[in-house]
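*Asks:* Just passing along the structure, written as structure tokens.
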Amino acid sequence: MTQRRILVTAALPYANGHVHLGHLVEYLQTDIWVRFQKLRGHRCIYICADDTHGTAIMIRARQEGRSEDELIAEMQAAHERDFAGFDIEFDNYGSTNSPENRELCGEIWESIRQAGLVKEKDVEQLFDPVEGTFLADRFVRGTCPKCESTDQPGDNCSKCGHHYSPAELIDPISTLSGATPEVRSENHLFIELEQLHEFLNDWAIGDDHLQTEVANYLKGHFLHEPLRDWDISRPGPYFGFEIPDSPGNYWYVWFDAPIGYIASTKQWCEKHNEKLDDWWRSPDTEIHHFIGKDITYFHTLFWPGMLKTAGFNLPEKVHIHGFLTVGGEKMSKSQGTFVMASTYLKHLDPAHLRYYYASKLGSRLDDLDLNLDEFKAKIDSDLVGKAVNIASRSAKFVQDGNLSDVYPDDGGLFQQAADAGETVAKHYENCDYAAAMREVMMLCDRANKYVEDREPWKLRKDPAKQDELRDICTVALNLFRQVAIYLAPVLPGLAKQTAELLNDPIGPGDWEKSQTPLVGTSVNKFQHMMKRVEEKQVQAMIEESKETQADEAAGGDNQYNDGPEALEKEPLTEEECTYDDFVKVDMRVARVIEAGHVEGADKLLGLKLSLGGDVTRNVFAGIKGVYEPEDLLGQLVICCANLAPRKMRFGVSEGMVLASGPGGKDIYVLRPDSGAQPGMRVH
């Protein structure tokens, strides 16, 4: 096998938040692929860094009364700690706020300038008058200018896929303050991506750099028409690198973030006396990016264009994955399924999640669902009941002794498993881990049947059959060793335990050990390898996720309309009202323009609602713990607008937000359908 030189990256985690189970899909997928390449004997490095620039970091540091450097250092330490907890091994983990990244940004920018790709023009940009800053795309929500879907982010519509600037949104709202942004004109720098259209079309559509569905998506949504200029600057104040030849302007985070891949590699090279050009400018190096489907546009159009212009290697492959759902639904804070990595690690084995994700990950962009019942069943069955079971039922009969000096006749089982190695390897290479896991579990089934048929536990008591017993255990442990090697990219801990049991390491370049049986070596005392998943641990994780991300919610100045679940507990008992009674209630569509915690109140959030124009209502809603203030900013709700004001010790509540559910943590704020506007009456 010819040794390959491979550089692998995962998308840079943003320094404004902690790692959760959704993020881990990508970092585990990438770690498994890197470990596989190393196990095959290839020279492979895994590069990552924290994405540290932008308005969000600046605003948060300001709110917390500390510097951006202090904030990002703290978050990077937390990220690295969480990743290590899941056995994710980076060869270098850097930061986009590094001198190496500043230097490389300048180098690449100069290349883009010299290529004549930069132009300047005034841009109308949204400015938050409360926070005193221009708003990045992620801090604006509003109505899509094309399909008019409400509550859409500032750069592209999640409903129709249309891309736009934040200033094009209808009824935009700042998610930082809830204020209506002002439109201000500032000078911006643009890269004319259309000049690279022919190159990008050839790269994206040909040579298998992208999954077929991704190539078709780019072709149908972007490459069929002239490419839009890419706005790569932001006026101050902004936390980032100031553009050397454009004082007062800063590189937009999406310019300097991917350059962080190269900067982090440079740090690694300096530590290991390597040359950066050997990894980023050599035809002998493969670059592989692993990303989520939400950032496809940046990594398949902007980034290749930057690399081509600056003379760096283009990606050999961009591996794109889907999102994580839990129980078939979006992760939920109120239901405790929005689980932080650190919370998981308190309760469950990280190896279990590594295997579960691997058993679900294919080579396409399909979303991955974490079903907690299936999670328990799969771990208990596959890892404990099948894989580890091979060793636990055979190792103890030969521990502190040796395997047979000559490999016994096993009816072709070892050779079957050896032959399956290339199939497993092909699945790993193609990121079809689910197929690889199915193949390995079939090997486990054969090995377990071999042990069951020969019943070594019965032979141990017969002195005349000790040689036969040792032969049976030699076969079983060699079949287990093959399984451990094939699972090593997913379960490095199991590979280490197997190496300790059989006194034979499993490390870089050791994939080929699956092809030759181990004989004559001593076997150490069997140590417990894998535990079953306990339901109480799963529930404890869910409960802690509810507690840490949402305080208990109940009561308050809010109205709950009983839903189906509540009907059994609380039947319809209210006395009948007439139509005339009903129309007295003036229910209006409203937008949440301010939201915050109420000092001294355990159950209330304070909301300021816009009913259109200058009409507003201040409302106290008993939904604290179910909803965070930032979840509600910019959202449309239904408000009882003519409710008599109610004086409370926290202030005056001027209305009521409508919600359904029995109360407690089961509260669901009612949302108007797409197209509704603040001030519209509910009939």
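*Asks:* Name the single residue, out of those in the range 96-108 being polar (S, T, N, Q) and surrounded by 22 or more Cβ atoms within 10 Å (Cβ to Cβ), that is nearest to the chain's Cα centre (by Cα).
*Replies:* Pass one, the range 96-108, residues polar (S, T, N, Q): 96-98, 101.
Now narrow it down to the ones that are surrounded by 22 or more Cβ atoms within 10 Å (Cβ to Cβ): 96-97, 101.
Working: 96: 19, 97: 22, 101: 24 Å.
Looking at residues that are polar (S, T, N, Q) and surrounded by 22 or more Cβ atoms within 10 Å (Cβ to Cβ), I get 96.
*Asks:* Which residue out of 69, 87 is surrounded by fewer than 19 Cβ atoms within 10 Å (Cβ to Cβ) and at positive phi? Quick ask: steps written out before the conclusion?
*Replies:* Details: 69 fails: at positive phi.
Just a single option satisfies the conditions, and that option is 87.
*Asks:* Return yes or no: is residue 358 among the small types (Gly, Ala, Ser), assigned to a helix (DSSP H, G or I), at pLDDT 95 or above and more than 17 Å from the chain's Cα centre (by Cα)?
*Replies:* Numbers: among the small types (Gly, Ala, Ser): yes; assigned to a helix (DSSP H, G or I): yes; at pLDDT 95 or above: yes; more than 17 Å from the chain's Cα centre (by Cα): no.
So residue 358 does not fit the description; no.
*Asks:* For the range 597-611, indicate whether the set of residues that are surrounded by fewer than 23 Cβ atoms within 10 Å (Cβ to Cβ), assigned to a strand (DSSP E or B), within 32 Å of the chain's Cα centre (by Cα) and touching a residue at least 24 places away in the same chain (Cβ under 8 Å) is non-empty.
*Replies:* Yes - at least one qualifying residue is present in the range 597-611.
*Asks:* Would you mind stating whether residue 141 is within 23 Å of residue 606 (Cα to Cα) and among the basic types (Lys, Arg)?
*Replies:* Details: within 23 Å of residue 606 (Cα to Cα): yes; among the basic types (Lys, Arg): yes.
Yes, satisfied.
*Asks:* Then there's this: Considering the range 612-650 alone, what residues qualify as being in contact with an Asp or Glu (Cβ under 8 Å, 6 or more places away or on another chain), in a strand (DSSP E or B) and of a type in the set (S, T, N, Q)?
*Replies:* Passing the criteria: only 618.
*Asks:* Taking the options 412, 421, 401, name whichever one is under 19 Å from residue 358 (Cβ atoms) and small (Gly, Ala, Ser). Talk me through it step by step, then tell me what you get.
*Replies:* Working: 412 fails: under 19 Å from residue 358 (Cβ atoms); 401 fails: under 19 Å from residue 358 (Cβ atoms).
Checking each option against the conditions leaves just 421.
*Asks:* Still on this structure: How many residues, within the range 184-211, are under 13 Å from residue 302 (Cα atoms) and in a helix (DSSP H, G or I)?
*Replies:* Of the range 184-211, the ones under 13 Å from residue 302 (Cα atoms) are 190-197, 199-201, 203-204.
With in a helix (DSSP H, G or I) added as a condition, the list becomes 193-197, 199-201, 203-204.
Count: 10.
*Asks:* Quick check: is even one residue across the range 528-538 within 29 Å of residue 359 (Cβ to Cβ), free of Cβ contacts under 8 Å to residues at least 12 places away in the same chain, part of a helix (DSSP H, G or I) and within 32 Å of the chain's Cα centre (by Cα)?
*Replies:* The answer is yes; a qualifying residue exists.
*Asks:* Yes or no: residue 304 in contact with a Leu (Cβ under 7 Å, 6 or more places away or on another chain), closer than 23 Å to residue 431 by Cβ and surrounded by 14 or more Cβ atoms within 10 Å (Cβ to Cβ)? So that I can check it myself, show each step before the final result.
*Replies:* On the way: in contact with a Leu (Cβ under 7 Å, 6 or more places away or on another chain): yes; closer than 23 Å to residue 431 by Cβ: yes; surrounded by 14 or more Cβ atoms within 10 Å (Cβ to Cβ): yes.
When the stated conditions are applied, residue 304 passes them.
*Asks:* Can you name the residue in the range 454-497 that is acidic (Asp, Glu) and in a helix (DSSP H, G or I) and is also surrounded by the most Cβ atoms within 10 Å (Cβ to Cβ) among such residues?
*Replies:* So the residue we want is 471.
*Asks:* Examine the range 36-56 for a residue that is in a helix (DSSP H, G or I), of a type in the set (Asp, Glu), crowded, with 22+ Cβ neighbours inside 10 Å and touching a Phe, Trp or Tyr at 6+ places or on another chain (Cβ under 8 Å), and state whether such a residue exists. Give the derivation first.
*Replies:* Residues of the range 36-56 in a helix (DSSP H, G or I): 36-39, 55-56.
With of a type in the set (Asp, Glu) added as a condition, the list becomes none.
No.
*Asks:* Next question, about the same structure. When both residues are 6+ apart or on different chains and their Cβ atoms are under 8 Å apart, which pairs have a first residue that lies in the range 317-331 and is at positive phi, and a second that is polar (S, T, N, Q)?
*Replies:* That search, which allows pairs on different chains as well, returns 327/337; 327/371; 328/371.
*Asks:* I'd like to verify a number: residues in the range 293-350 that are part of a loop (DSSP other than H, G, I, E, B), of a type in the set (A, V, I, L, M, F, W, C) and within 30 Å of residue 276 (Cα to Cα), how many?
*Replies:* Of the range 293-350, the ones part of a loop (DSSP other than H, G, I, E, B) are 311-316, 322-323, 327-328, 330-339, 348-349.
Checking the rest, the ones that are also of a type in the set (A, V, I, L, M, F, W, C) come to 312, 314, 323, 331, 338-339, 348.
This time we only want the ones that are within 30 Å of residue 276 (Cα to Cα), so: 312, 314.
Going through the range 293-350 one residue at a time, the tally reaches 2.
*Asks:* If residue 50 satisfies every condition in (1) within 21 Å of the chain's Cα centre (by Cα); (2) touching a residue at least 60 places away in the same chain (Cβ under 8 Å) but one, which is the exception?
*Replies:* (2)
*Asks:* Scan (1) outside any loop (DSSP other than H, G, I, E, B); (2) farther than 27 Å from residue 635 by Cα; (3) in contact (Cβ under 8 Å) with a residue 12 or more places away in the chain; (4) out of contact with any Phe, Trp or Tyr (no Cβ under 8 Å at 6 or more places or on another chain) for the single condition residue 167 breaks and write down its number.
*Replies:* Single failed check for residue 167: (2).
*Asks:* Among the residues of the range 612-628, write down those that are crowded, with 17+ Cβ neighbours inside 10 Å and either without any contact (Cβ under 8 Å) to a residue 60 or more places away in the chain or aromatic (Phe, Trp, Tyr) (or both).
*Replies:* Initially, the range 612-628 is screened for residues crowded, with 17+ Cβ neighbours inside 10 Å, giving 616-617, 619-628.
If the condition is that a residue be crowded, with 17+ Cβ neighbours inside 10 Å and either without any contact (Cβ under 8 Å) to a residue 60 or more places away in the chain or aromatic (Phe, Trp, Tyr) (or both), then 616, 617, 620, 627 are the ones that fit.
*Asks:* Could you look through the range 109-142, keep only residues that are of a type in the set (D, E, K, R) and more than 23 Å from residue 162 (Cβ to Cβ), and pick out the one that is surrounded by the most Cβ atoms within 10 Å (Cβ to Cβ)?
*Replies:* Taking the range 109-142 as the starting set, the residues that turn out to be of a type in the set (D, E, K, R) are 110, 113, 119-122, 124, 128, 131, 137-138, 141.
With the extra rule that they be more than 23 Å from residue 162 (Cβ to Cβ), the set shrinks to 110, 113, 119-120, 122, 128, 131.
On the way: 110: 13, 113: 14, 119: 11, 120: 12, 122: 9, 128: 22, 131: 20.
Among them, the one singled out is 128.
The values are calculated or read from the model by the stated rules, or taken from the named source; none is laboratory data. If you're wondering where the values come from, they're calculated on a predicted model, not measured in any experiment. So basically every Cβ, Gly included, is an ideal-geometry build from the backbone, and we count neighbours across all protein chains shown.
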